Structure formats: structure tokens, C-alpha cells
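The values are calculated or read from the model by the stated rules, or taken from the named source; none is laboratory data. All values reported here derive from a predicted model rather than from experimental measurement. All Cβ positions, even for glycine, are placed from backbone atoms using ideal geometry, and neighbour counts span all protein chains on display.
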Amino acid sequence: MRIVAVLNHKGGVGKTTFTGCTAQALALSGFRICVIDNDSQHNLSSMLGVGVQKPSIRDVYCSDEASAPKTLLQAIRKTEVAGLHLITAEKQLCDSDIRDTALLGQTMELCGLERYYDIILIDNAPGLDRVQGSAIRAAHEIFVPTELRQFAIDGLVEMEETINERYPDGAKISRVIPNFFKNTKRQRAFIAALHTMFPGKVTKTAIAVDPVFDEVVTDHKILFLHRLYSNGAAYYLKIIHELFNLDEETVWEQVMEKRTERMRQEARRRFYAQRERNRSHGQ
Ligand SMILES: Nc1ncnc2c1ncn2[C@@H]1O[C@H](COP(=O)(O)OP(=O)(O)O)[C@@H](O)[C@H]1O
Ligand SMILES: [Mg+2]
């Protein structure tokens with residue numbers, strides 16, 4: 001099992017979109033995935049159509065060591081995608097809820113989550129405090145989506161130093177994922193700078209700007225089921241190939257199969273609903 005914290009001290013760089021879309025694609029490809037919404041804004045819980053549910057990740061943090069594993073297991077919810085589970089967040093989640101940043105990692109281990117999941121992704125709020133610290137200490141590695149602007153890129157090296165100073169036993173940055181790519185000369189120069197700062201860690205694929213992301217986030221749609229032929233979905237297949245060593249074509253075929261199956265189910269549901277309506281109207 002791999003535990004990945006998706007982190008950037010800046011907001012609006014695509015952490016939640018990345019976590020949600022990647023998790024959906026991996027689950028549609030047959031992996032057992034759990035995502036943890038570790039952000040009081042609970043955008044990931046909304047994106048995956050679950051909303052806020054109790055117990056939430058905050059209840060895990062607020063539990064004592066003995067009861068935390070039970071709370072964590074109770075907090076796991078199913079989503080619309082088979083094989084994709086979610087632990088929701090709630091708006092009260094804050095730093096003072098966390099007595100010990102080691103609790104989340106210890107609790108996940110005690111629950112034996114590796115028996116149930118192949119990959120756990122933890123989406124984080126901007127900042128680098130104790131809530132993010134809990135994710136850093138629970139994870140094996142850190143993925144950093146970033147926008148391609150000077151200040152954003154400058155801040156990443158400082159962010160890495162802070163992570164290493166504050167949480168020396170925690171996960172390290174393993175991948176940096178350029179987002180909002182428009183293929184301008186300036187942005188290509190920023191990507192070159194990223195390669196110098198994080199050698200071997202920057203993904204070859206930069207995720208292009210595509211309005212489809214706003215659409216799937218706002219309408220709680222599943223990118224790979226509703227907009228499989230979009231540019232956005234094509235970039236994610238490439239990213240998944242790079243980050244999880246999965247063959248793009250295999251992922252595509254498995255996703256296609258699930259998509260066809262769902263369309264068939266939907267058609268069948270509509271057919272029976274229509275037949276029921278016709279019968280009740282005496283036709
Ligand atoms: N590649 C992209 N192209 C266009 N819009 C994007 C892209 N990635 C993310 N977005 C949009 O940008 C906004 C911020 O993304 P979000 O994932 O919420 O960022 P964060 O979690 O880092 O705060 C959202 O409205 C999302 O739909
Ligand atoms: Mg977010």
C-alpha cells in the first residue's frame with residue numbers, strides 16, 4: 001500500500017482536483033482506493049458527491065489513542081465509483097484539534113488499512129501546520145501540484161525546507177506536478193527551473209488548462225465517465241502512467257469498460273422506469 005499526501009502551502013493550485021480525478025481513475029482501473037479529505041473546506045468531499053458526514057477526519061483527530069481506530073473505520077464512506085472510498089472533512093477542523101501529529105499515521109497502521117487498500121491519497125488544505133503535519137507523518141511520499149508562476153515556484157524550495165525541518169521523520173516530496181500549463185515561453189522556462197530545483201521529480205506531463213475541470217468539480221461529475229474524450233482526461237491518463245507506473249492504454253481500456261457498463265445500466269434503468277410509467281397510465 002502506498003500512502004501519498006497531496007500538498008502545497010498555496011491554495012488554488014489544483015490539489016483537490018488532482019486528488020479527486022486521480023483517485024477516480026485509479027478506482028475505475030480496478031485499484032482499491034481511499035482518499036482522506038484533510039481540509040476544513042471539504043472540497044474533495046463535495047467533489048466526490050458525498051458531502052460532510054460524521055464521523056469525519058476531525059473526529060479521528062479528536063479521539064483518544066484507544067478509540068481512534070474504531071472512529072477511523074466508521075468514518076470511511078463509499079462514493080459513486082466502486083472501489084473508491086472517502087473520509088470526509090468538516091468545517092470545524094483546525095490545528096487545535098491535533099494533540100499529536102503522529103496519531104493519524106499510528107491509527108491507520110493499527111486499522112491495518114493495507115489489507116483493504118492499494119493506495120491512500122490525502123488531500124490537504126493550504127498551509128503547513130499540524131493538520132498537514134499529520135498527513136506528512138502518515139504518508140510515505142508527497143506529491144506537489146503547482147501552478148507555473150514565479151512566486152509559486154520560489155515558494156516550493158522553502159516549503160520543502162520547512163517540511164524537512166518540522167517533520168524530519170515524515171514523508172518527503174517525491175513528485176512535483178506542473179498544473180495550469182499553457183505552453184508559453186515563460187511557462188516553459190518555469191518548468192526548466194523546476195527541473196533544476198527538483199531534479200528527477202518533476203513529471204514530464206504538465207496538466208494543461210482545461211475548463212472541463214471546473215465543470216466536473218462544480219457538477220460533481222466523474223471526469224472519466226462523463227468527459228473521457230476531453231483534453232483533461234487525456235492528461236490525467238498520462239500523469240497516472242508516470243506517477244503510478246500504469247500503462248496508459250490499460251487504464252483507458254478498463255475505464256472504457258466501466259463506462260460502457262454504467263451506460264448500459266443507466267439505459268436499463270430508464271427503460272424500466274418508462275415501462276413503469278406507461279403501465280401506471282394504463283398503456
Ligand atoms: N488544469 C486545470 N485547468 C483549469 N482549471 C483547473 C485546472 N486544475 C484545477 N483547476 C480549477 O482550479 C480551481 C482550484 O483547484 P483546486 O483543485 O480546488 O485547488 P486547491 O485544492 O489546490 O485549492 C478549481 O476551480 C479547479 O476546477
Ligand atoms: Mg483544495
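Some observations on this one:
- Verdict on residue 237 being in contact (Cβ under 8 Å) with a residue 40 or more places away in the chain and more than 12 Å from ligand 1 (Cβ to nearest atom): yes
- Checking residue 253 against (1) closer than 23 Å to residue 4 by Cα; (2) surrounded by 11 or more Cβ atoms within 10 Å (Cβ to Cβ), the condition it does not meet: (1)
- All positions within segment 125-140 that are surrounded by fewer than 18 Cβ atoms within 10 Å (Cβ to Cβ), under 17 Å from the mean Cα position of the chain (by Cα) and more than 19 Å from residue 17 (Cα to Cα): 140
- Whichever residue in segment 180-196 is touching a helix residue (DSSP H, G or I) at 6+ places or on another chain (Cβ under 7 Å) and closer than 15 Å to residue 13 by Cβ and, among such residues, is nearest to ligand 1 (Cβ to nearest atom): 181
- Selection within segment 131-175 - of a type in the set (Val, Ile, Thr), within 17 Å of residue 11 (Cβ to Cβ) and assigned to a strand (DSSP E or B): 142, 144, 146
- So residue 76, is it closer than 25 Å to residue 160 by Cβ, more than 13 Å from ligand 1 (Cβ to nearest atom) and of a type outside the set (Ser, Thr, Tyr): no
- Subset of segment 15-44 (residues that are within 16 Å of ligand 2 (Cβ to nearest atom) and within 25 Å of residue 256 (Cα to Cα)): 16, 17, 18, 19, 20, 21, 22, 23, 24, 35, 44
- Of all the residues in segment 199-258, those that are of a type in the set (A, V, I, L, M, F, W, C) and outside any helix (DSSP H, G or I) number 8.
- Residues within segment 130-158 that are farther than 19 Å from residue 56 by Cα and within 16 Å of ligand 2 (Cβ to nearest atom), tallied: 7
- Unique match (being at pLDDT below 95, in contact with a strand residue (DSSP E or B) (Cβ under 8 Å, 6 or more places away or on another chain) and not basic (Lys, Arg)) among 152, 171: 152
- For segment 1-37, a residue qualifies if it is assigned to a strand (DSSP E or B) and under 14 Å from residue 76 (Cβ atoms), and the qualifying residues are 33, 34, 35, 36, 37.
- Here is the figure for segment 235-283: residues that are farther than 13 Å from residue 27 by Cα and either touching a strand residue (DSSP E or B) at 6+ places or on another chain (Cβ under 9 Å) or aromatic (Phe, Trp, Tyr) (or both) total 7.
- As a summary of the residue check, residue 211 satisfies the conditions (1) under 26 Å from residue 45 (Cα atoms); (2) surrounded by 12 or more Cβ atoms within 10 Å (Cβ to Cβ) except for the one numbered (2).
Results for (1) more than 23 Å from residue 36 (Cβ to Cβ); (2) hydrophobic (A, V, I, L, M, F, W, C), shown as yes or no for each residue.
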| position | (1), (2) |
| --- | --- |
| 146 | no, no |
| 154 | yes, no |
| 158 | yes, no |
| 163 | no, yes |
| 169 | no, no |
| 179 | no, no |
| 208 | yes, yes |
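- Among the residues of segment 1-16, not one is surrounded by 22 or more Cβ atoms within 10 Å (Cβ to Cβ) and out of contact with any strand residue (DSSP E or B) (no Cβ under 8 Å at 6 or more places or on another chain).
- Where a residue in segment 102-117 is farther than 13 Å from residue 3 by Cβ and its partner, wherever it lies, is among the basic types (Lys, Arg) and in a helix (DSSP H, G or I), with Cβ under 6 Å and at least six apart: 102/137
- The single residue among 101, 22, 71, 88 that is of a type in the set (S, T, N, Q), within 25 Å of residue 225 (Cα to Cα) and out of contact with any His (no Cβ under 8 Å at 6 or more places or on another chain) turns out to be 22.
- Tabulated pairs, segment 186-199, first without any contact (Cβ under 8 Å) to a residue 24 or more places away in the chain, second assigned to a helix (DSSP H, G or I) and exposed (fewer than 12 other Cβ atoms within 10 Å of the Cβ), C-beta under 7 angstrom, 6+ apart or interchain: none
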